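Engineer: Sharing a structure, written as structure tokens. Questions coming.
The values are calculated or read from the model by the stated rules, or taken from the named source; none is laboratory data. Not measured: the values here are computed from a predicted model. Reconstructed Cβ throughout: ideal geometry from the backbone, glycine too, with neighbour counts over all protein chains shown. Remember, those area values only see protein heavy atoms, side chains included, never the ligands or the DNA or RNA. Shrake-Rupley method; radii C 1.70, N 1.55, O 1.52, S 1.80 Å.
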Amino acid sequence: MFEVYIHVPFCLRRCGYCDFNTYTATDLGAGASRGNYANMVIREMKLTKQWQLDHGIAEPPVSTVFFGGGTPTILAARDLAAMLDAIRKIWGIAPDAEITTEANPDTVNEYYINELAAGGFTRVSFGMQSAVPHVLKTLDRTHTPANVAAGVNAANKAGLRSSVDLIYGAPGESLDDWRTSVTTAIDLGVNHISAYALTVEPTTKMGRQIAAGTLPKPNDDDEAAKYEIADDLFAAAGLEWYEVSNWARPGYESQHNLGYWRNVDWAGLGPGAHSHYNAVTEADHPQSASLTAPAGGGCPADAGLGVVSVSHGLRSWDIAHPRLWGTAINENRVPWADSETITPEENLEELIMLGLRLHEGLDLDRINRAINDAGMSSTPQTLRNVSLDQLAPMVSEGLITVSDNHRVVPTRRGRLLNDSVIEQFFDFVGV
């Protein structure tokens, strides 16, 4: 599978809890403006495609596309459609592809949603966050619950799937406030809901308010109680958890996010976006002897193949500031800030971390194969296969279940203690 993520770094205003790579200016220089953004991303697509060809990567047609941010819907709908059309021309798009954009409820109306549908989108993810006015105010959100309902109704009329995102644990949010938000989201009739615990970074406005004592710090026990409330209410409404923070009716899971958790290939486009490739052929070529970006950022677009010498996994990330990102593109360079090789040991760690977040579970046989592969690497570790007997204490503690086909699935208690479950697996395998 191959996925494409497009980061749109523009916002009308910056929310107090947000530490994403976003900007409120309309023009950030070097062509990275709201009005020209689609053209810049399309140019990055072409540079990325050439880099893939030069490094022996032949991706299948794109299975999912996701526009995130920031606020993708701050751009004109025709700009989002233009970027989608460019993906179709450059990589191809699978006939049943899932095409999603995030949307701020303040930035869309029925006309905008209809344009998205006409442009090939299949899904809209609305940033609802809460249905309680004082919680929305604490989060610096300007929309109202009525905006969310109007957006979902417009998407339904246009034949698009809808999802809503919720955040729990905001300062001053009571358990009853959270129940109100969850039931309001369910009553919208959407088939997918994400619910994330509020994470407060010290550099954000909210982080500074908490440090100054003007807002209370989120409480782990409070967030655990709210997770259990959400899980119970979603289950009663027919929404099943399929990832620790995501619930859906069967068949409505986010295929794009599942791709991340299943560790597929994806290209991330836009300032600060990350990319991931499972197999890259590194060439014996003056310009591509290293896949790490040169000083100043950006990889040459014409790095040729030459004689193939190495094959490995790769993770890269774009230059974060839009002006510097745009400068690299204008100089015909893939706008990476840097990249790193994914070693077999690191791949094993990621398989464990990601698999233990999913309802489909961690494939124990696949993990043991990965352990054997890692053990044959150039820097072997003291890795050990995982046996069913080792897992028995975790089963008895109610942290996991193990299916007949050796899939390890976290229980609700295991989801709440996910970091601990992962650490125990790391101890088992010796990473």
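Engineer: Quick check on Asp365: is it touching a His at 6+ places or on another chain (Cβ under 9 Å), acidic (Asp, Glu) and open to solvent by 10 Å² or more (accessible area, probe 1.4 Å)?
Structural biologist: In short, yes.
Engineer: Can we say Arg369 is touching a helix residue (DSSP H, G or I) at 6+ places or on another chain (Cβ under 9 Å) and of a type outside the set (A, V, I, L, M, F, W, C)?
Structural biologist: Spelling it out, it is not the case that Arg369 is touching a helix residue (DSSP H, G or I) at 6+ places or on another chain (Cβ under 9 Å) and of a type outside the set (A, V, I, L, M, F, W, C).
Engineer: Out of everything in segment 237-248 that is part of a loop (DSSP other than H, G, I, E, B) and touching a strand residue (DSSP E or B) at 6+ places or on another chain (Cβ under 6 Å), what residue ends up being farthest from Tyr168 (Cα to Cα)?
Structural biologist: Looking at residues that are part of a loop (DSSP other than H, G, I, E, B) and touching a strand residue (DSSP E or B) at 6+ places or on another chain (Cβ under 6 Å), I get Leu239.
Engineer: Hey, any hits in segment 115-126 for a residue that's crowded, with 19+ Cβ neighbours inside 10 Å, charged (D, E, K, R) and touching a helix residue (DSSP H, G or I) at 6+ places or on another chain (Cβ under 7 Å)?
Structural biologist: No, every residue in segment 115-126 fails to be crowded, with 19+ Cβ neighbours inside 10 Å, charged (D, E, K, R) and touching a helix residue (DSSP H, G or I) at 6+ places or on another chain (Cβ under 7 Å).
Engineer: Return the residues of segment 259-278 that are polar (S, T, N, Q) and either at pLDDT 95 or above or touching a strand residue (DSSP E or B) at 6+ places or on another chain (Cβ under 6 Å) (or both); say none if nothing qualifies.
Structural biologist: Keep residues of segment 259-278 that are polar (S, T, N, Q), which gives 263, 275, 278.
Once the filter is applied, which keeps residues that are polar (S, T, N, Q) and either at pLDDT 95 or above or touching a strand residue (DSSP E or B) at 6+ places or on another chain (Cβ under 6 Å) (or both), segment 259-278 yields Ser275, Asn278.
Engineer: Of all residues in segment 150-160 being buried (at least 19 other Cβ atoms within 10 Å of the Cβ) and not β-branched (Val, Ile, Thr), which is nearest to the chain's Cα centre (by Cα)?
Structural biologist: Selected residue: Leu160.
Engineer: Filter segment 397-418 down to the residues that are open to solvent by less than 60 Å² (accessible area, probe 1.4 Å), part of a helix (DSSP H, G or I) and not small (Gly, Ala, Ser) and list them by number.
Structural biologist: Hits for segment 397-418 are Arg415, Asn418.
Engineer: Additional query: What about Glu3, is it part of a helix (DSSP H, G or I), crowded, with 21+ Cβ neighbours inside 10 Å and either touching a residue at least 24 places away in the same chain (Cβ under 8 Å) or in contact with a Lys or Arg (Cβ under 8 Å, 6 or more places away or on another chain) (or both)?
Structural biologist: For Glu3, the condition - part of a helix (DSSP H, G or I), crowded, with 21+ Cβ neighbours inside 10 Å and either touching a residue at least 24 places away in the same chain (Cβ under 8 Å) or in contact with a Lys or Arg (Cβ under 8 Å, 6 or more places away or on another chain) (or both) - is not met.
Engineer: Applying the selection to segment 80-107, what residues are more than 24 Å from Glu59 (Cβ to Cβ) and out of contact with any strand residue (DSSP E or B) (no Cβ under 6 Å at 6 or more places or on another chain)?
Structural biologist: Asp106, Thr107
Engineer: Can you tell me which residues in segment 65-94 are open to solvent by 10 Å² or more (accessible area, probe 1.4 Å), outside any helix (DSSP H, G or I) and at pLDDT 95 or above?
Structural biologist: Phe66, Ala76, Trp91, Gly92, Ile93, Ala94 - these are the residues of segment 65-94 that are open to solvent by 10 Å² or more (accessible area, probe 1.4 Å), outside any helix (DSSP H, G or I) and at pLDDT 95 or above.
Engineer: Also, I was wondering about something else. Looking at segment 383-396, can you tell me whether even one residue there is part of a loop (DSSP other than H, G, I, E, B) and at pLDDT 90 or above?
Structural biologist: No, that holds for no residue.
Engineer: In addition: Across segment 341-357, which residue is modelled with the lowest pLDDT among those that are in contact with a helix residue (DSSP H, G or I) (Cβ under 9 Å, 6 or more places away or on another chain) and outside any helix (DSSP H, G or I)?
Structural biologist: The residue in question is Thr343.
To keep it simple, each residue is scored yes or no on (1) under 17 Å from Thr180 (Cα atoms); (2) in a strand (DSSP E or B); (3) open to solvent by 30 Å² or more (accessible area, probe 1.4 Å); (4) free of Cβ contacts under 8 Å to residues at least 60 places away in the same chain.
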{"position": "Ala230", "(1), (2), (3), (4)": "yes, no, no, no"}
{"position": "Ala235", "(1), (2), (3), (4)": "yes, no, yes, yes"}
{"position": "His256", "(1), (2), (3), (4)": "no, no, no, no"}
{"position": "Gly259", "(1), (2), (3), (4)": "no, no, no, no"}
{"position": "Asn263", "(1), (2), (3), (4)": "no, no, no, no"}
{"position": "Gly268", "(1), (2), (3), (4)": "no, yes, no, no"}
{"position": "Pro271", "(1), (2), (3), (4)": "no, no, no, no"}
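Engineer: State the number of residues belonging to segment 35-49 that are open to solvent by 50 Å² or more (accessible area, probe 1.4 Å) and either at pLDDT below 95 or in contact with an Asp or Glu (Cβ under 6 Å, 6 or more places away or on another chain) (or both).
Structural biologist: 0
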